[in-house]
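Notes for the one structure printed next.
The values are calculated or read from the model by the stated rules, or taken from the named source; none is laboratory data. Nothing here was measured: the structure is a model prediction, and the numbers come from that model. All Cβ positions, glycine included, derive from the backbone under ideal geometry; neighbour counts span all protein chains shown.
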Amino acid sequence: MTIELSRERPGVAAEVADGFWIIATEHHPGGSRQFPAINNRCLVFRIVEDGAPRLLVINGVDAGAIAEVQRLEEQTGLGVRYVLSPGGGHHVLLPPWVEAFPGASVLVGPERIPRTASGKKLLAMPRVSTFDPAAVLPELRGQLEFVSFRGLFGPPDHHSPGEGGGDGLLMLLNLMLAMLFRMKDPVDELWTFHVPTRTLIGGENLGWMYPRAEHRKLPGLVKSMVIPDSVYLFKDARKVADAAVVDACWRAILKWPAETVLTYHDRAGHGFVGDGRAALEAAVRRRGQLLG
């Protein structure tokens with residue numbers, strides 16, 4: 001079974017394969033108007049747990065997408081059992097999802113989010129907890145498989161525009177300086193493999209994928225970070241903190257026989273299709289993140 005990415009379009013829960021939906025939304029990174037609006041994918045999967053079919057959501061995006069997930073609940077007759085944060089700053093948008101799905105466990109990574117101001121507020125809500133990084137929902141193995149990618153540094157937490165912080169050129173300058181000189185904050189990123197479709201969804205250490213024609217339209221700063229028509233790793237937004245841990249994470253991920261590779265922020269309808277494992281391994285080796 002392969003996914004039909006051409007079905008993806010903004011604002012709609014598009015079933016790209018049996019039991020796999022993508023809701024494309026527009027999102028300014030960090031809620032800042034200094035960045036262009038990019039795709040922010042919400043992924044919904046049908047799972048079976050304890051013999052019962054349920055729904056699992058990864059990446060609770062802008063609250064406007066909640067109605068589409070509720071429509072899926074009504075359409076399928078299945079309730080949302082889990083809502084997972086994929087890492088980065090994605091958890092900031094989760095509070096409305098906690099309230100909208102009272103039967104769901106909301107799970108976030110244990111490394112970075114509990115240390116942030118927004119993460120502490122989120123974890124004080126009912127049914128919100130951290131997942132076990134050594135075994136993320138092991139009961140779903142064979143349906144969805146996960147690697148909690150650790151051993152990375154990112155910029156320190158800051159009060160983003162999306163959380164009510166200041167926006168503008170000064171914010172952008174401070175972020176750039178942090179990425180140049182203050183990359184010392186431990187972060188974790190959730191990588192996911194959908195077994196039936198052999199689809200791999202990377203964390204924020206995997207570069208966003210853009211076709212060349214769309215890449216040309218990006219503003220200079222973002223354009224310099226994005227490599228068109230390629231599977232690649234971000235060299236600025238994430239740094240290696242522990243080479244041995246990073247190597248172990250890559251070796252676990254590279255066991256997955258991926259035929260499609262996605263990030264949460266690729267252009268709608270776009271991703272890598274082909275020998276994803278080989279393409280990803282080549283990208284990892286180009287950055288020297290495999291030992292030996």
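Of the residues examined, SER148 is one that is in a strand (DSSP E or B), buried (at least 20 other Cβ atoms within 10 Å of the Cβ) and polar (S, T, N, Q). Those residues that are surrounded by fewer than 17 Cβ atoms within 10 Å (Cβ to Cβ) and basic (Lys, Arg), I need them from segment 180-221; list them, please. Passing the criteria: ARG182, LYS184, ARG212, ARG216, LYS217.
Applying the selection to segment 48-62, what residues are loosely packed, with under 14 Cβ neighbours inside 10 Å and outside any loop (DSSP other than H, G, I, E, B)? Within segment 48-62, VAL48, ALA52 meet the criteria. Working only within segment 1-28, note down all residues that are within 18 Å of the chain's Cα centre (by Cα), among the acidic types (Asp, Glu) and closer than 16 Å to LEU262 by Cα. GLU8 - this is the single residue of segment 1-28 that is within 18 Å of the chain's Cα centre (by Cα), among the acidic types (Asp, Glu) and closer than 16 Å to LEU262 by Cα.
Would segment 205-228 turn up any residue that is of a type in the set (A, V, I, L, M), assigned to a loop (DSSP other than H, G, I, E, B), within 15 Å of the chain's Cα centre (by Cα) and at negative phi?
Scanning segment 205-228, I find at least one residue that is of a type in the set (A, V, I, L, M), assigned to a loop (DSSP other than H, G, I, E, B), within 15 Å of the chain's Cα centre (by Cα) and at negative phi, so the answer is yes.
Taking segment 67-92 as the search range and keeping residues that are at pLDDT 95 or above and closer than 30 Å to ASP185 by Cβ, which one is farthest from the chain's Cα centre (by Cα)? Among them, the one singled out is TYR82.
How many residues are of a type outside the set (A, V, I, L, M) and either touching an Asp or Glu at 6+ places or on another chain (Cβ under 8 Å) or not in a loop (DSSP other than H, G, I, E, B) (or both) when one looks only at segment 229-245? Selection size over segment 229-245: 3. Which of the residues belonging to segment 243-285 are farther than 30 Å from ALA17 by Cβ and either in contact with a Leu (Cβ under 8 Å, 6 or more places away or on another chain) or among the hydroxyl-bearing types (Ser, Thr, Tyr) (or both)? Within segment 243-285, ALA243, ALA244, VAL246, ASP247 qualify.
Against the numbered list (1) hydrophobic (A, V, I, L, M, F, W, C); (2) in a helix (DSSP H, G or I); (3) under 17 Å from the mean Cα position of the chain (by Cα), ALA248 comes up short only at (3).
Quick check on segment 263-273. Is at least one of its residues touching a residue at least 12 places away in the same chain (Cβ under 8 Å), charged (D, E, K, R) and either under 22 Å from PRO10 (Cα atoms) or assigned to a strand (DSSP E or B) (or both)? Yes: one or more hits.
In segment 115-132, is there at least one residue being closer than 30 Å to GLU214 by Cα, in a loop (DSSP other than H, G, I, E, B) and of a type in the set (S, T, N, Q)? No, segment 115-132 has no match at all. Within segment 66-87, the set of residues being farther than 20 Å from ASP18 by Cα, buried (at least 23 other Cβ atoms within 10 Å of the Cβ) and in contact with a helix residue (DSSP H, G or I) (Cβ under 9 Å, 6 or more places away or on another chain) comprises SER85, GLY87. I'd like to know if segment 31-40 contains one or more residues that are part of a strand (DSSP E or B), farther than 16 Å from PHE131 by Cβ and out of contact with any Pro (no Cβ under 6 Å at 6 or more places or on another chain). Yes; the residues of segment 31-40 include at least one that is part of a strand (DSSP E or B), farther than 16 Å from PHE131 by Cβ and out of contact with any Pro (no Cβ under 6 Å at 6 or more places or on another chain).
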